[in-house]
2 protein chains.
Amino acid sequence: MNNTPPESATPEDTLTPLTLRRVGIDTYRENVAYLHRECALYRAEGFQALSKVEIRANGQRILASLNVVDDTAIVDCQQLGLSEDAFTMLGVEEGHPVSVSQAEPPASIPALHRKIGGERLYREDFRHIIQDIAELRYSKIELTAFVVACDQNELDREEVFFLSDAMSRVGRQLDWREHPVVDKHCIGGIPGNRTSMLVVPIAAAHGLLCPKTSSRAITSPSGTADTMEVLANVDLPFEELGKLVRTHRGCIAWGGTSELSPADDVLISVERPLSIDSAGQMVASILSKKAAAGSTHLLLDIPVGPHAKVRSMPEARRLRKLFEFVAQRMGMTLDVVITDGSQPVGRGIGPALEARDVMRVLTHHPEAPVDLRLKSLRLAGRMLEFDPDMRGGDGFGIARDILDSGRALDKMMDIIRAQGEKPFDPDHPPLAPHCFEVPAPGDGVVTAIDNLTLARIARLAGAPKAIGAGVDLMARIGDSVEAGQPLYRVYAAYPNEMTFAHRLTERDSGFTLGSPAEITRLNVEF
Amino acid sequence: MNNTPPESATPEDTLTPLTLRRVGIDTYRENVAYLHRECALYRAEGFQALSKVEIRANGQRILASLNVVDDTAIVDCQQLGLSEDAFTMLGVEEGHPVSVSQAEPPASIPALHRKIGGERLYREDFRHIIQDIAELRYSKIELTAFVVACDQNELDREEVFFLSDAMSRVGRQLDWREHPVVDKHCIGGIPGNRTSMLVVPIAAAHGLLCPKTSSRAITSPSGTADTMEVLANVDLPFEELGKLVRTHRGCIAWGGTSELSPADDVLISVERPLSIDSAGQMVASILSKKAAAGSTHLLLDIPVGPHAKVRSMPEARRLRKLFEFVAQRMGMTLDVVITDGSQPVGRGIGPALEARDVMRVLTHHPEAPVDLRLKSLRLAGRMLEFDPDMRGGDGFGIARDILDSGRALDKMMDIIRAQGEKPFDPDHPPLAPHCFEVPAPGDGVVTAIDNLTLARIARLAGAPKAIGAGVDLMARIGDSVEAGQPLYRVYAAYPNEMTFAHRLTERDSGFTLGSPAEITRLNVEF
């Protein structure tokens, strides 16, 4: 028996150091580290499954959740594996020696526990939590705990402000050094609602600075960035985008995934699978991105309808008040419009079909969708009234002049060319090759269209990955149709995608036929 | 352009079926499926990262969360990978064709959302949720959402009963067909507290049916099952265990991981990394296991102390009342004792050291730890009083007679032989080869011992994996020590584990020295 105390050796002296291996698993905004079950370090340290470890290499350090592996094809006993997110964040090459130790929990965990316990948190608590989240120091379990604890019954409006403010301050923050900087956002849920691509050129043509960055589709068949990408390059470095915006007063680009309000993307990674979409989190997500993007004035579109995100006027009004409170605390001017979200806007659903609709409105094409034109003009009018020199009520007429005179088209073409034009003919959009029509099952009037079902059909047909895939509507609420008359046409890129979409339309076309009296009329602004 | 509607082909017709691959990652009570990013099915179905998929093969079906993979060493484009848990649950061989589709969410998800929204749930809701959890239909994210939503401020005592009852009814349920069936449980946190190994033979020698199943260590340096395993086989099939218990009136075996109250193990997989240990969840965890094991009478040990799980008497009393309420609703007789948890019980911490202490008490060895003997006799006395023919207050004396007459030792040897005896000499326990002593830094009286630190030292030294590793205490609270006198001895299996343990003892020995007046005295039953 050896009775002398050991010398103060470091683990590096007594254990062979591990080498780094990249494990090609997309753990979706969670840092995961993989150790083999028989690895000496794993056995010695008494790590628990899912426990938090700290990984250090080359002066860098990250936190990760530990997964135990039994397959040497993933990691062997001399390797530490990192998932894609973690590997990128550590920024060290494969094969590099790494050291691993039990991590101290992230500094904000006590605040998380107070929130779980139902306490109000202070501004500093939200700052620390959001900092840790943005740096992927939270595991999926901790992240979920935060999201659930903050869910609707838990955050008061002051806390929503603290959260929004904290989110806007991690990551990149833009400062355009002029005033106003206008932006427009829709809370989503309405397919084909591509008003930004008309509002931005109108506002920019009027002279307002309108640096619009938008998202790609996540669960929808197309985001503004996907549709704009049919016409122009949307993935530009921030520096180039800044120059372009100053020259042309506007842009329609992709916001990137993590430069502005990166904590938002991390939070969304658990909110989505959990279908949690609370008012507080929606407000924080939207306003933090806009504040980080340097917007001073925001026009917000809240569509209401039986198949929209917001289903009643009282709910829309509550949401509006929360947006207004938080925007005011953040020093942002906000104008909220509650709009008709009872059916898709325009005819097309899917990138190329929507780009066609937008270009038809800009070029006064005879088949330009009237509803898209009208909604865009109304929103553009409200946005023009952010101009301090414009009288309330004058915006709509001026917006219409800008559109009808061709100045909006000219501005759009300037922006397209500046971002990098792609060939596009609105009369011959690049539609996907496989196509079928969905006929009316009987005579009647269209009384309802389910936004969610049509979005799902367009996605099954391949949108947005296949830019020419989607749904082209041939009837709207209030239209009389006869049995067999096509309600819409579906375009799919591949036969099996056509099959998937077709099977859904047979189960549920998304259209309801009936008598005109059955149409739900919403008392909305427009 | 093809305008004819496609025939109703199934995905199996249009896509090559995938074959099953086992991916050696222990996802720890979560079913995870792996698809390659370029897999045709992944692209076609528009799956989201972390979305829930249903996997069918050979008439079996399971739900799993989807991970996207970029490395063909894990899965290629023709394979579907399953993590260890999921692979075992599906029960189909590698290479078998499998089909994958977007899963309907588990049926209990609406109830989960009501709980997140702060509502009380009904008995049926808990049944459905627990059923889905036990069948691994919840992702880690959904599981965390449930645990957080149920955390202490959220469940009233009636709901704790619903939860406990639901948990006890999934999985195996034992019925011993006699009355009473007695059991004993400690809420944990006190190293060396191996009273069960003395209480069971005393109660069984008296004739009470005492089928004790216990857990292995999770975060502690040894569980009762680990310590018993030094003396006997503890991993017996339920059928054999049943026969053995009827013959000998008792057993001390491992409860297995998932046969009794399997939902408990799943819930613990997120409670532990989150350090959530709410009263409601503790009560449901313990009472559901005991009810499923067929116990009619339970003696519960709640140790209180500055470094115990429960730190004050008011907290212990609140916990006792919750246990009592739920046990009564479950039809279980419960006797709660609040005990002194201010320091470890016995001398040894770690499987072999604890087994030595237990056998010394049973054999009246001169170095038998007095505190372990006394606490065990007091608990055994209370348990004997579950016998309807015994007068209140007589239990302790009878328990002492059973121990001192050697009947408890005889019973223990019967049980050990029946389970499968292992060679063990209490005078020469199989201690780990590397050893060092921790000396008192000065003269004084031991005023406090930190249970958590000593447990951590024993774990770093290799317990419970290395059965001979651990800590052997040489001083207790109230003892006077001189500078340099050993406070305890640490046994480690490997040099590097000795290094880890030694480094911790240098930072924090776990012992506080001072004057006798600084000792905190607890007013507990014993």
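Read-outs: derived from the displayed coordinates by stated rules, not from any lab. Given the structure is predicted, the values throughout are model-derived calculations rather than measurements. Cβ coordinates were reconstructed from backbone atoms using ideal geometry, including for glycine residues, and neighbour counts include every protein chain displayed.
Reported to the nearest whole Å, the Cα centre-to-centre distance from the stretch A:58-92 to the stretch A:448-499 is 44. Label-to-label distance for A:Asp175 and A:Glu259 is 1.8 nm, based on points extended 7 Å past Cα in the beta-carbon direction. Relative to the other identical copies, B:His179 shows label-point distances of 8.1 nm, where the label point lies 7 Å from Cα along the Cβ direction and values run shortest first.
Would you mind computing the Rg to Rh ratio of the protein assembly as shown from its alpha-carbon coordinates, Kirkwood style for Rh? List each step's numbers first, then the result.
Values: Rg = 33.4 Å, Rh = 32.2 Å.
The Rg/Rh ratio comes out at 1.04.
For the stretch A:276-344, evaluate the Debye formula with one uniform point scatterer on each Cα (no solvent term) and list log10 I(q)/I(0) at q = 0.11, 0.19, 0.22, 0.29 Å⁻¹, rounded to two decimals. For the requested q values the scattering log ratios are -0.26, -0.74, -0.95, -1.34.
Coupling constants for the stretch B:248-253 follow from the phi torsions by the Karplus curve (6.51 cos²θ - 1.76 cosθ + 1.60, θ = phi - 60°), and in residue order they are 9, 6, x, 7, 9, 10 Hz; glycine and proline get x.
So for each of B:195-203, A:442-450, A:459-467 I average, over its residues, the number of other beta carbons within 10 Å; can you give me the resulting order with the highest mean first?
Details: B:195-203: 28.3, A:442-450: 17.9, A:459-467: 26.2.
With the highest mean Cβ count within 10 Å placed first, the list reads B:195-203, A:459-467, A:442-450.
Considering only B:Gly381, B:Val270, B:Pro221, the residue lying farthest towards the positive end of the dipole of the stretch B:182-419 is B:Gly381, judged by Cα position with unit charges set on Cβ.
Cβ crowding within 10 Å ranks B:Trp176, A:Trp254 as B:Trp176, A:Trp254, fewest other Cβ atoms first.
For A:Pro433, inter-copy separations between label points set 7 Å beyond Cα along the Cβ vector come to 7.2 nm, shortest first. So which of B:Lys115/B:Lys212; A:Lys212/B:Lys140; A:Lys115/A:Lys309 end up more than 32 Å apart by C-alpha? As for pairs spanning more than 32 Å Cα to Cα, those are B:Lys115/B:Lys212; A:Lys212/B:Lys140.
Taking Cα atoms of the stretch A:12-102, Rg/Rh with Kirkwood Rh, to two decimals? Provide the component values of the computation, followed by the final result.
Numbers: Rg = 11.5 Å, Rh = 12.6 Å.
Answer for the stretch A:12-102: 0.91.
The long axis of helix B:495-507 is offset from the longest Cα principal axis of chain B by roughly 70 degrees.
Rounded to the nearest 10 degrees, the inclination of helix A:407-419 to the longest alpha-carbon principal axis of chain A is 30 degrees. Ranking of B:Glu239, A:Glu93 by neighbouring Cβ atoms within 10 Å, starting from the fewest: B:Glu239, A:Glu93. Cα centroids of the stretch A:154-169 and the stretch A:379-435: how far apart, whole angstrom? Between the Cα centre of the stretch A:154-169 and that of the stretch A:379-435, the gap is 34 Å. Applying the Kirkwood pairwise sum to the alpha-carbon positions of the stretch B:178-312 produces a hydrodynamic radius of 15.6 angstrom.
Under 5 Å between amide hydrogens, built in the peptide plane, is the criterion, and for B:Ala103 it picks out B:Lys52, B:Val53, B:Glu54 among residues at least 5 positions away or on other chains.
A straight Cα-to-Cα reach below 19 Å connects A:Lys465 with the lysines A:Lys422, residues fewer than 8 places away in its own chain not being considered. For B:Lys321, the aspartates and glutamates whose Cα falls under 13 Å of its own Cα, not counting residues fewer than eight places away in the same chain, are B:Asp156, B:Glu158, B:Asp335.
To the nearest 20 debye, what is the magnitude of the charge dipole of the stretch A:12-102 about its Cα centre, counting +1 on the Cβ of each Lys and Arg and -1 on the Cβ of each Asp and Glu?
Working: 8 positive and 14 negative charges, 42 e Å.
The calculated dipole for the stretch A:12-102 is roughly 200 debye.
For chain B, the longest principal axis of the alpha carbon atoms and the long axis of helix B:351-362 meet at an angle near 40°.
What's log10 of I(q)/I(0) for chain B at q = 0.06 Å⁻¹, Debye sum over Cα points only, no solvent? Result of the Debye calculation: -0.34.
Other chains' Cβ within 10 Å of A:214-221 residues: what's the mean? Provide the component values of the computation, followed by the final result.
Working: counts 0, 0, 0, 1, 1, 3, 0, 1.
Whole-number average of other-chain Cβ neighbours for A:214-221 is 1.
Since only A:Ala466, B:Gly348, B:Tyr34 are under comparison, the one whose Cα sits farthest along the positive direction of the charge dipole of the protein assembly as shown, derived from C-beta charges on Lys, Arg, Asp and Glu, is B:Gly348. Straight Cα distances below 16 angstrom link B:Lys411 to the aspartates and glutamates B:Asp401, B:Glu421, with same-chain residues fewer than 8 positions distant left out.
Pull up the DSSP beta bridges for the protein assembly as shown and report the antiparallel fraction as a percent, rounded to 5. Walk me through the numbers on the way to the answer.
Working: 72 of 132 bridges.
Around 55 percent antiparallel, to the nearest 5.
Placing a label point 7 Å from the Cα of B:Tyr122 along the Cα-to-Cβ direction, the distances to the matching points in the other copies come to 4.5 nm, shortest first. For the pair A:Met390 and A:Gln102, a Förster radius of 51 Å applied to the C-beta separation gives a FRET efficiency near 0.25, rounded to the nearest 0.05. Looking at chain B, send over the antiparallel percent of its DSSP beta bridges, to the nearest 5. Given both bridge residues lie in chain B, the antiparallel proportion sits at roughly 55 percent. The trypsin sites (Lys or Arg not before Pro) of the stretch A:127-210 that meet both conditions, a loop assignment by DSSP and at most 15 other Cβ atoms within 10 Å of the site Cβ, are A:Arg172, A:Arg177. Overall, the protein assembly as shown carries a charge dipole of about 1460 debye about its Cα centre when +1 sits on the Cβ of Lys and Arg and -1 on the Cβ of Asp and Glu, all other atoms neutral. Ordering B:Pro423, A:Ile116, B:His434 by the projection of their Cα atoms onto the charge dipole of the protein assembly as shown, which places +1 on the Cβ of Lys and Arg and -1 on the Cβ of Asp and Glu, puts A:Ile116 at the extreme positive end.
Amide H contacts under 5 Å for B:Val310: B:Gly305, restricted to partners 5 or more places along the chain or on a different chain, H placed in the peptide plane at 1.01 Å from N. Here the sum of -39500 (n - 2.57) over DSSP H runs of 4 or more residues, divided by the residues of chain B, equals -11500 deg cm²/dmol at 222 nm, to the nearest 500. Sequence-ordered 3J(HN,Hα) estimates for the stretch A:483-488 from the Karplus curve with 6.51, -1.76 and 1.60 and θ = phi - 60° stand at 3, x, 5, x, 8, 6 Hz, glycine and proline given as x.
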